[in-house]
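**Student:** Dropping the structure in here first, questions after.
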Amino acid sequence: MIEFREVSKRFADGTLAVDGFSLQIPPHSTTVLVGSSGSGKTTLLRMINRMVDPTEGTVEIDGEDIATVEPVKLRRRIGYVMQNSGLLPHRRVIDNIATVPRLTGVPKAAAHERALELMDVVGLDRSLARRYPNQLSGGQQQRVGVARGLAVDPNILLMDEPFGAVDPIVRAELQQEVLRLQRELGKTIVFVTHDIDEAFLLGDRIVLLETGGRIVQTGTAEEILAEPANDFVAEFVGAARGKRALHEERIGDRTVLVDGLGQPAGVLDSEGGSEAGG
Amino acid sequence: MDLIGATLAWIAGFVGSGELWQRLGEHLTYTFGSVLIALVIAVPIGYLIGHTGKGRELAVGITGAARALPSFGLMLLLVSLVGVVQRPIAAYAAFVILAVPSILAGAYSGIQAIDKTTVDAARAIGMTEWQILWKVEAPLGLRLLVGGIRSATLQVVATVTLAAYINLGGLGYPLLQAIPLRRDEQAFGAAIIVIVLALLLDAAFGLIGVLLDRLIPTGAAPRRPRRPRAVPTRRARMVEAPTAS
């Protein structure tokens, strides 16, 4: 379990990014921190691997205050996936994935064997192992980033808007991959995004943040949609704009669901269900 | 025609007598000796500035001032300061001061030009600062460092010609000897040899640059003009397929 206790962060320029933030993040589930830019969500995420040290308060992992853990050691046991993959451009895919195991002294052959297995896990063809990152598509690079994050088999996986820079179709694909991986691996995933739909899709638990890391609402997607804590949440999740309020319209012999803005949201699954499609 | 013929004849004689190799040896010893010393001084400082991001203004100021120093005057001044017996030291010092700014600039700009997210990611996955420097910043910054070494070498190889003024030999020796004696073909021939040497060194560094581009993809530009088509994997296709549930 990851626990934030009364954590604040004031940057050197005086900006108070996080103000008195407390949260318990349960293990083996996905917690999504969601908020607009300036909500401190990335700062909070980076406190977990000490890329940012809080100016006040403590962060604990399984009861251990991480301020007492050497940052490099801490980071090597926590997976980290970022936007734009952050891969080393001068290293081949297989060496990128094997980077941390190699640093911790795993022999090259073993590290490479493990890297190839991880390519299977994240759905990358092994034939890409000898490529350099800039020879891959954006979506493939993000898969490599995820594989690298999993290379030391960490309990915790931090994901900082990992799919923010890929096109919607690839993003949807990668989101499904994360759901599948989480079913198979059961990691403690902390995921940061500004996309509420992504948060609802991936999060077992969603933490909605306002400026300064202030928690507006915490809950499952269903809870937040059913009972938005205030107007801000309603606006953020789109309920206020009628985006989440669906009604039925008949088109021919099909029932189409239309949202409050008049945009078709999908087709209602008929009783038989056989002809339902995407 | 006559001058060209005489010049070619002089060059042939210079090469034939073996004096070329002696003077070339002296010339290259001064050139590479001072560039090596400058590397030892400038690369650690440049890496420190590039890695920490601190002291850049100071470095820019010092290198700018050092570039403005006239090498010839500096060499003569140093000879008078360290004494005539220590002339090689004075010469080396002047050439090193000439070479340091370009190498320093190449070293720190090479590191500063690296995508910040790459370095941030390296740190976030658990590299130590030394590992970031040696495994990420040094290889990715090498191309610009070599560019700095290239311009330093070219400046020094041209300036070493002046070493003959304080009687240290090099390819400047036949050149300077020829001027008071009004041996135009000799002055012309010696100048041509220095120019050819500089061009050869430049070409050699160009070749090293091309090799580095092949060996170390920096991510700055795609290695191939077109990216290979994304090969959909089995899993990816499964995800794309509509689910009937």
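**Student:** Can you bin segment B:23-148 into rounded, prolate or oblate? Criterion: square roots of the alpha carbon gyration tensor eigenvalues sorted a ≥ b ≥ c, rounded for a/c under 1.5, prolate for a/b above b/c, oblate for the rest.
**Tutor:** Details: a/c = 3.15, a/b = 2.30, b/c = 1.37.
Prolate, since a/c reaches 1.5 and a/b exceeds b/c.
**Student:** Here's a follow-up. Going by how many other beta carbons lie within 10 Å of each one, how would you line up A:48, B:37, A:169, fewest first? Numbers along the way, then the final one.
**Tutor:** On the way: A:48 22, B:37 16, A:169 10.
Ordered by Cβ neighbours within 10 Å, fewest first: A:169, B:37, A:48.
**Student:** I'm a student and want to see the number: the projected area of the Cα convex hull of chain B, averaged over all directions, in nm².
**Tutor:** Its Cα hull, projected and averaged over all orientations, spans 21.1 nm².
**Student:** OK, next. What is the log10 of I(q)/I(0) for segment A:84-243, computed with the Debye formula using one identical point scatterer on each Cα and no solvent, at q = 0.12 Å⁻¹?
**Tutor:** -0.59
**Student:** Between residue A:218 and residue A:24, what is the spin-label point distance in nm, taking each point 7 Å from the Cα along the Cα→C-beta axis?
**Tutor:** Spacing of the two 7 Å Cα→Cβ label points: 0.8 nm.
**Student:** So what is the 222 nm mean residue ellipticity for the protein assembly as shown from helices alone, if each DSSP H run of at least 4 adds -39500 (n - 2.57) and you divide by all residues, rounding to the nearest 500 deg cm²/dmol? All intermediate terms of the calculation are to be shown ahead of the outcome.
**Tutor:** On the way: 20 runs with 269 residues, N = 523.
The per-residue figure over the protein assembly as shown is -16500 deg cm²/dmol.
**Student:** Count the net charge of all other residues whose Cβ sits under 15 Å from the Cβ of residue B:167, scoring Lys and Arg as +1 and Asp and Glu as -1. Don't skip to the answer; put the middle values down first.
**Tutor:** Working: positive: B:23, B:87; negative: B:26.
Combined, the nearby Lys, Arg, Asp and Glu give +1.
**Student:** Separate question: Which is farthest toward the positive dipole end of the protein assembly as shown among B:161, B:206, A:251, measuring Cα position about the Cα centre, with Cβ charges +1 (Lys, Arg) and -1 (Asp, Glu)?
**Tutor:** Projecting each Cα onto the dipole axis, the largest value belongs to B:161.
**Student:** Based on the Cβ-Cβ distance from residue B:9 to residue B:131, what FRET efficiency comes out when R0 is 60 Å, to the nearest 0.05? Can you show the working numbers first?
**Tutor:** On the way: r = 59 Å, r/R0 = 0.99.
Computed FRET efficiency for residue B:9 and residue B:131 comes out at 0.50.
**Student:** Taking each residue of A:83-93 in turn, how many C-beta atoms of other protein chains fall within 10 Å of its C-beta, and what is the average? Intermediate values should be presented prior to the final figure.
**Tutor:** Working: counts 2, 4, 3, 10, 5, 12, 12, 11, 5, 1, 0.
Across A:83-93, the average partner-chain Cβ count within 10 Å equals 6.
**Student:** Between segment B:186-209 and segment A:200-251, what's the alpha-carbon centroid distance in Å?
**Tutor:** Going from one Cα centre to the other spans 70 Å.
**Student:** Please list, ordered by chain and number, the residues whose modelled amide H lies under 5 Å from the amide H of residue A:217; skip anything fewer than 5 residues away on the same chain.
**Tutor:** Distant-sequence amide H within range of residue A:217: A:208.
**Student:** Further question on the same structure: Regarding the protein assembly as shown, what whole-number volume in Å³ per residue does the convex hull of its Cα atoms give? Let's see the in-between values first.
**Tutor:** Numbers: hull volume 118.7 nm³, N = 523.
Spread over its residues, the Cα hull of the protein assembly as shown gives 227 Å³ apiece.
**Student:** So, one more: Determine, from the Cβ-Cβ distance of residue A:109 and residue A:130 and an R0 of 22 Å, the FRET efficiency 1/(1 + (r/R0)^6), rounded to the nearest 0.05. Mind dumping the intermediate values first?
**Tutor:** Values: r = 16 Å, r/R0 = 0.71.
The formula returns an efficiency of 0.90 here.
**Student:** Still on this structure: Multiply the residue gap between residue B:184 and residue B:56 by 0.36 nm, knock off their C-alpha separation, and tell me the result in nm, one decimal place.
**Tutor:** Working: separation 128, 0.36 × 128 = 46.08 nm, distance 4.72 nm.
Length difference between fully extended and current span is 41.4 nm.
**Student:** Further, regarding this structure: With everything on Cα atoms, drop me the angle between helix B:184-215 and the longest principal axis of chain B, reported from 0 to 90° to the nearest 10.
**Tutor:** Orientation of helix B:184-215: about 10 degrees from the principal axis.
**Student:** On to the next question. What length, rounded to one decimal in nm, is gained on full extension from residue A:195 through to residue A:65, with 0.36 nm per residue of separation minus their alpha-carbon distance?
**Tutor:** On the way: separation 130, 0.36 × 130 = 46.80 nm, distance 3.09 nm.
My answer for the length gained is 43.7 nm.
**Student:** Count, for each residue of A:169-176, the Cβ atoms from other chains sitting within 10 Å of its Cβ, then give me the mean as a whole number.
**Tutor:** Neighbouring Cβ atoms belonging to other protein chains average 3 per residue here.
**Student:** While we're looking at this one, here's another question. Of the DSSP beta bridges with both residues in segment A:2-237, give the percent that are antiparallel, rounding to the nearest 5. Don't jump to the answer; show the numbers that get you there.
**Tutor:** Working: 18 of 37 bridges.
If I count the DSSP bridges inside segment A:2-237, around 50 percent turn out antiparallel.
**Student:** Taking square-rooted eigenvalues a ≥ b ≥ c of the alpha carbon gyration tensor, is chain A rounded, prolate or oblate, where a/c under 1.5 means rounded and, failing that, a/b exceeding b/c means prolate?
**Tutor:** Numbers: a/c = 2.25, a/b = 1.24, b/c = 1.82.
It comes out oblate by the Cα gyration axes.
**Student:** What residue among A:22, A:127, A:137 shows peak mean-square fluctuation when chain A is described by a Gaussian network model with Cα springs under 10 Å?
**Tutor:** A:127
**Student:** Once the other residues with Cβ under 14 Å from the Cβ of residue A:220 are scored (Lys, Arg +1; Asp, Glu -1), what is the net sum? Walk me through the intermediate numbers first.
**Tutor:** Numbers: positive: A:205; negative: A:204, A:222, A:223, A:227.
Neighbour charge sum, excluding residue A:220 itself: -3.
**Student:** Could you tell me the distance between the Cα centroids of segment B:94-134 and segment A:39-89, to the nearest Å?
**Tutor:** 24 Å
**Student:** When Lys and Arg each count +1 and Asp and Glu each count -1, what net charge do the other residues less than 13 Å away from residue B:209, Cβ to Cβ, add up to?
**Tutor:** Working: positive: B:143, B:150, B:214; negative: B:202, B:213.
So the environment of residue B:209 carries a net charge of +1.
**Student:** Still on this model: Taking 41 Å as R0, compute the FRET efficiency from the Cβ-Cβ separation of residue B:72 and residue B:215 and round it to 0.05. Please list the in-between numbers first.
**Tutor:** On the way: r = 39 Å, r/R0 = 0.94.
E(calc), rounded to 0.05, equals 0.60.
Each value in this text was obtained by applying a stated rule to the coordinates, not by laboratory testing. Everything numeric here is computed off the predicted structure, so don't read it as measured data. Neighbour counts run over all protein chains shown; Cβ positions are idealised from the backbone, glycine included.
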